[in-house]
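Following: one structure in structure tokens, then a few remarks.
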Amino acid sequence: AQKVTQAQTEISVVEKEDVTLDCVYETRDTTYYLFWYKQPPSGELVFLIRRNSFDEQNEISGRYSWNFQKSTSSFNFTITASQVVDSAVYFCAHSTGRRALTFGSGTRLQVQP
Amino acid sequence: KAGVTQTPRYLIKTRGQQVTLSCSPISGHRSVSWYQQTPGQGLQFLFEYFSETQRNKGNFPGRFSGRQFSNSRSEMNVSTLELGDSALYLCASSYYRDRDTGELFFGEGSRLTVL
């Protein structure tokens, strides 16, 4: 069975600080997908990124970057120069190729002005 | 392009009642998945529908059921409500592609309170 661990329950930073959200996953599958979602107070989950297991290239999108390392089963997410609008709960998730995602418990990020 | 629409957004029921939640996916998306979010258990997969057929089911009791219509709209039903069913129920739609999870687009959810 798959498992996703987000050890950081809550992180508080001051605006413009960089912050990294950790995600560690467990799986026996050779083909799988990893995701990050953002959940603002309104409730909907906003898709941020999807990575498949055979693509370990890091990715940067604006202030967001992701570091995927199969050797440590980690898929960490970094926000550079954080902003108040980044305040939300962030979820890491795993899937084996169907729509049944296994989510981590989430990390609540608070960015103080 | 309209997003995933869920109705109702909020509802209150009492134990023993049943509830039906509705989800309209993004136009062109044929797969609809449902998730339950609670403070204790987090986000858990309920089931997925594609072409009016349930394709995958999570570990929930039979009181939880769903269906999908020919226009891809989906409903989920919870019968004999229990206090523990209080949760945010999230619907997600995706452009179904076999062997590829693709991106899931979520609605804002239906928040159910059971008294």
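Bear in mind these aren't lab numbers, they're just calculated from the coordinates by the rules spelled out. Note that the structure is a prediction, hence the values are computed from the model and not measured. Here the Cβ is made from the backbone with ideal geometry for all residues, glycine too, and neighbour counts use every protein chain on show.
Determine the gain in length on full extension of the stretch residue A:71-residue A:20; use 0.36 nm per residue of separation and subtract their C-alpha separation, reporting nm with one decimal. Could you put the intermediate results ahead of the total?
Working: separation 51, 0.36 × 51 = 18.36 nm, distance 1.86 nm.
In short, 16.5 nm is gained.
At 0.36 nm per residue, minus the direct Cα-Cα distance, what do residue B:69 and residue B:113 gain on full extension? Give it in nm, one decimal, please.
My answer for the length gained is 13.2 nm.
Per residue of A:98-109, what is the mean number of Cβ atoms on other protein chains within 10 angstrom of that residue's Cβ?
That average works out to 6.
Considering the Cα positions of the stretch B:45-115, please state its Rg to one decimal place and its Dmax as a whole number of Å.
Calculated on Cα positions, Rg and Dmax stand at 13.0, 41 Å.
When all alpha-carbon pairs of the protein assembly as shown are counted, what percent fall beyond 24 Å?
Result: 45 percent of Cα pairs exceed 24 Å.
Just subtract the alpha-carbon distance of residue B:15 and residue B:56 from 0.36 nm times their residue separation and send over the number in nm, one decimal.
Numbers: separation 41, 0.36 × 41 = 14.76 nm, distance 2.76 nm.
Contour length minus Cα-Cα distance gives 12.0 nm.
For a test of the definition: using alpha carbon positions, the gyration tensor, and the 1.5 limit on a/c, classify the stretch A:32-98 as rounded, prolate or oblate.
In terms of gyration-tensor shape, oblate.
Which whole-number percent gives the relative contact order of the stretch A:21-113, counting Cα pairs below 8 Å spaced six or more residues apart?
Here the relative contact order equals 32 percent.
For a protection proxy built on the mean count of beta-carbon atoms within 10 angstrom, sort B:19-31, A:69-81 highest first, please. Numbers along the way, then the final one.
Values: B:19-31: 18.5, A:69-81: 15.3.
Highest-to-lowest ranking by the protection proxy: B:19-31, A:69-81.
How well do other chains shield peptide B:62-74, expressed as the mean number of their Cβ atoms within 10 Å of each residue Cβ? Provide the component values of the computation, followed by the final result.
Numbers: counts 0, 0, 0, 0, 0, 0, 0, 0, 0, 0, 0, 0, 0.
Counting other chains' Cβ atoms within 10 Å and averaging over B:62-74 gives 0.
Per-residue HN-Hα couplings for the stretch A:78-92, Karplus 6.51 cos²θ - 1.76 cosθ + 1.60 at θ = phi - 60°, whole Hz, x for Gly and Pro?
10, 10, 8, 6, 4, 10, 4, 5, 7, 4, 4, 9, 10, 10, 9
Name the lysines eligible as straight-distance cross-link partners of residue B:57: C-alpha to C-alpha under 26 Å, and not fewer than 8 places from it in the same chain.
Reachable lysines: A:3, A:38, B:13.
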